[in-house]
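Notes to accompany the following structure.
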Amino acid sequence: MSPLLEMKDLDFAYGDVHVLHGVSLTVDKGEIVTLVGSNGAGKSTTLRNISRLLKPRSGAIVFDGHDLTRLSPHAVVELGVVQVPEGRRVFPEMTVLENLRMGSYIKSARPDREKNIERALALFPRLRERRNQLAGTLSGGEQQMLAIGRGLMTKPRLLLLDEPSLGLSPLLVKTIFDTIAEINAQGTTVLLVEQNVFQSLRIAHRGYVLETGRMVLSGSGQDLLGNEQVKAAFLGV
Amino acid sequence: MAFFLQSVLSGVLIGGIYALIGIGLTLIFGVMRIINFAQGELVMVGMYVTFFLFRLAGIDPFLSVLLTMPALFVLGAILQSTLINRVLDALPQNQILLTIGIGLVLSNTAMLVFTSDYRILSTSYSSSSVAISGVHLSTPLLYCFAITVVITGALYWFLIRTDTGCAIRATAQDREAAQLMGVDVRRMSVLAFGLGAALAGAAGALVSPTYYIYPQVGGAFTLKAFVVVVLGGMGSIVGATLGGVIIGTAESLAAAYVSSGNKEMVVYVLFLLVLLFKPAGLLGKSRM
């Protein structure tokens with residue numbers, strides 16, 4: 001069976017600055033795959049290439065038989081690849097409910113809108129209390145919940161999560177990761193980019209380690225957690 | 001007291017028009033971060049369309065809103081997709097030059113085709129007025145205001161209640177996040193510019209019974225719309241609505257109590273004071 005997402009030899013540069021050097025990865029249906037690495041390794045750049053916010057210099061990104069590099073950003077969403085961007089990026093002057101409704105903007109998602117709003121509110125009960133509040137006035141953790149809830153509104157086939165734990169309290173970080181595992185258990189395939197290596201490898205089926213734009217290691221979540229190199233570089237043991 | 005009330009109400013009626021032009025400008029700015037310096041020229045085009053619809057087909061200027069709005073929407077959408085879409089990522093000064101250039105081409109084309117003669121569209125009710133307990137209000141301005149309220153209300157409804165309207169607001173608040181929701185932001189830009197132009201066209205139709213119609217009339221509207229938008233807070237539609245009414249009222253009170261020659265001065269002093277003490281505009285933080 002061919003993977004749901006396959007990235008092959010992706011090269012990307014911001015002008016003269018070469019950021020990604022032949023990055024390859026695969027995500028199979030039903031998996032949580034995590035891409036870990038330190039700040040500036042190129043993790044977000046990889047995700048932004050998948051969502052077509054950036055254009056690669058060369059390489060291929062194939063999702064379910066479709067070449068994403070030929071599509072515009074909104075067409076990628078219509079195929080079922082949705083990104084929850086770094087820094088939450090909720091619409092600050094819209095209410096929680098309006099943000100969720102925006103999450104189901106594409107035509108195919110509109111018929112199930114009310115059902116999916118209900119699902120998102122069930123996943124994050126805090127959002128239900130705040131449903132008529134402007135998103136810009138929510139706390140960081142609540143905004144992250146909203147960003148994830150909004151990302152689920154189309155029932156995506158592949159959810160891309162960019163640093164969902166950034167800037168959250170340790171208690172909240174655990175909640176967010178548990179929720180991601182739960183979302184995956186409900187049938188959504190997840191590609192997770194994280195600096196929190198321990199938590200993300202804990203819930204991931206497989207992981208990749210990215211270092212200054214090159215893939216240096218890959219393996220199952222458990223293997224990588226036990227890997228001496230990973231331990232030394234990221235886990236401080 | 002009646003005199004004061006008279007001035008305030010006349011100001012509010014005129015302010016509605018300023019608001020309408022300003023909302024178009026702020027909508028375009030909100031979505032694209034581009035200031036459309038051709039906004040007044042679009043009003044001028046609306047005035048000429050209305051004038052000729054009246055002269056050649058006998059269509060009442062207030063009824064012709066139904067034709068000028070779609071016509072200007074199409075003009076705006078064409079300008080956006082052929083010209084302005086190309087400078088979305090360009091330097092601000094280049095964007096400004098482009099919209100100023102579009103304005104110049106529009107006004108000079110009008111001069112070439114229609115000559116620079118002043119034209120007057122006079123209807124049976126052009127100089128009639130209604131008296132309500134001692135306050136006389138011009139009939140065309142009353143009609144004009146009523147239609148402005150309907151158009152503004154419809155626009156608010158569109159932006160708040162419909163998926164496309166929400167997508168326009170989302171694009172204005174975070175262009176990239178909107179793309180991640182599957183919004184085609186280039187299409188939203190075309191839509192926003194079309195809507196902004198349609199509002200300018202509506203304003204042109206509505207003022208044509210009360211203003212002289214000539215190719216250079218746009219400049220004054222552009223300037224006023226710009227003041228209205230900065231006063232209310234760039235990108236804020238509620239701000240532009242408020243700003244329009246404030247400018248209209250200030251102008252009318254200044255004409256009544258200072259002198260009609262100095263009414264512009266009072267408006268700009270007010271504008272400078274707001275900029276000094278509230279540089280982001282009255283509703284500067286909230287956007288749409």
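Computed from Cα atoms, the angle from the helix B:2-32 axis to the main principal axis of chain B rounds to 20 degrees.
Between residue B:63 and residues 5 or more places away or on another chain, which pairs have amide H atoms under 5 Å apart, with H built 1.01 Å from N, and which residues are they? Placed amide hydrogens put nothing under 5 Å from residue B:63.
Basic side chains Lys and Arg get +1 at the Cβ, acidic Asp and Glu get -1 at the Cβ, and with that the dipole of the range B:2-277 about its Cα centre reaches some 100 debye. Computed packing ranks the peptides B:133-143, A:146-156 as A:146-156, B:133-143, most packed first, by mean other Cβ atoms within 10 Å. In chain A, Rg over Rh equals 0.96, where Rg is the alpha-carbon radius of gyration and Rh the Kirkwood radius from pairwise Cα distances. Answer rounded, prolate or oblate for the range B:2-277, using the Cα gyration tensor with square roots of eigenvalues a ≥ b ≥ c: rounded when a/c is under 1.5, else prolate when a/b is larger than b/c, else oblate. Verdict is prolate for the range B:2-277.
What separates the Cα centres of the range A:1-21 and the range A:167-237 is a distance of 20 Å.
Lysine pairs in the protein assembly as shown whose alpha-carbon atoms fall under 27 angstrom of each other, counting only those eight or more residues apart or on distinct chains, come to 26. Quick check on the range B:108-174: take the gyration tensor over C-alpha atoms, sort the square-rooted eigenvalues as a ≥ b ≥ c, and tell me if it's rounded (a/c under 1.5), prolate or oblate. Because a/c hits 1.5 or more and a/b fails to exceed b/c, the range B:108-174 counts as oblate. The order of the peptides B:238-246, A:51-59, B:41-49, B:205-213 by mean Cβ neighbours within 10 Å, most packed first, is B:41-49, B:238-246, B:205-213, A:51-59. Largest mean-square fluctuation among B:180, B:273, B:66, in a Gaussian network model of chain B whose springs join Cα atoms under 10 Å apart, belongs to B:180. Looking at the square roots a ≥ b ≥ c of the eigenvalues of the Cα gyration tensor of the protein assembly as shown, which shape do they give, rounded for a/c under 1.5, prolate if a/b is larger than b/c, or oblate? In terms of gyration-tensor shape, prolate.
For the residues of A:100-107, the average number of beta carbons from a partner chain within 10 Å of their own beta carbon is 5.
The modelled label-to-label distance for the pair residue B:276/residue A:58, using points 7 Å beyond Cα in the direction of Cβ, is 6.3 nm.
DSSP finds beta bridges in chain A, and of those with both partners inside it, around 55 percent are antiparallel. Within the range A:49-108, the ratio Rg/Rh, alpha carbon atoms throughout and Rh by Kirkwood, equals 1.03.
The range A:68-128 and the range B:171-201 have Cα centres spaced 18 Å apart.
Each DSSP beta bridge with both residues in the protein assembly as shown is either parallel or antiparallel, and the antiparallel ones are about 60%.
To the nearest ten degrees, helix A:140-151 and the longest principal axis of the Cα atoms of chain A are 90 degrees apart.
Relative contact order of the range B:2-277: 42 percent, from C-alpha pairs under 8 Å at least 6 residues apart in sequence. Computed from Cα positions, the angle between helix B:92-114 and the longest principal axis of chain B comes to roughly 50 degrees. Build a GNM of chain B with springs between Cα atoms under 10 Å apart, and of B:146, B:170, B:38 the one that fluctuates most is B:146.
Values quoted throughout were computed directly from the atomic coordinates according to the rules given, and no laboratory measurement underlies them. Nothing here was measured: the structure is a model prediction, and the numbers come from that model. Note that each Cβ is placed from the backbone with ideal geometry, even for glycine, and that neighbours are counted across all protein chains shown.
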